[in-house]
Amino acid sequence: MNIPDTYLAPLSIALGTAAVVLSFCPVEVQILGVVAGIAGIVMSRRAKRLDYRRDMPATIGLVLSIAGMCLCLLAGVLALIAQILSLFVG
């Protein structure tokens, strides 16, 4: 799939926002947030490489994608720890 160069930075922002929003969903849906975060990182790096002079939208997409991916992973790990602790506590 060939995406036009002008759409890469806005697409990375959209994917990063989707990853952040999906981090507040159940754990099964958070997997999609991790995938969206990875895709957002790839799109933002590609957009930054194509035009370094207008890299602010690509940087915003990169930060959102990393934050969303980390939130999804952190929420999943915390849910797993809570399940393990609930087995031992009662």
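Bear in mind that the values in this text are calculations on the coordinates, not laboratory data. It should be emphasised that the depicted structure is a prediction, and the values quoted were computed from it without experimental measurement. Positions of Cβ are backbone-derived with ideal geometry, glycine not excepted, and every protein chain shown enters the neighbour counts.
Over the chain, with a Gaussian network built from C-alpha contacts below 10 Å, which listed residue (LEU71, LEU50, LEU32) shows the highest mean-square fluctuation?
Fluctuation is largest for LEU50.
State which helices in the chain qualify, where a helix is a whole DSSP H run, it must extend 24 Å or more along its own axis by its Cα atoms, and its mean Kyte-Doolittle hydropathy must be at least 1.6.
Membrane-span-like by this criterion, though nothing is claimed about a membrane: 56-89.
Excluding ALA58 itself, what net charge comes from residues whose Cβ is under 14 Å from its Cβ, given Lys and Arg +1 and Asp and Glu -1?
My count for the surroundings of ALA58 gives +3.
Considering only LEU85, VAL34, SER44, whose Cα is most displaced toward the positive end of the charge dipole of the chain, charges sitting on Cβ of Lys, Arg (+1) and Asp, Glu (-1)?
SER44
Which of THR59, THR6, THR17 has the fewest other C-beta atoms within 10 Å, and how do the rest follow up to the most?
So the residues, fewest neighbours to most, are THR6, THR59, THR17.
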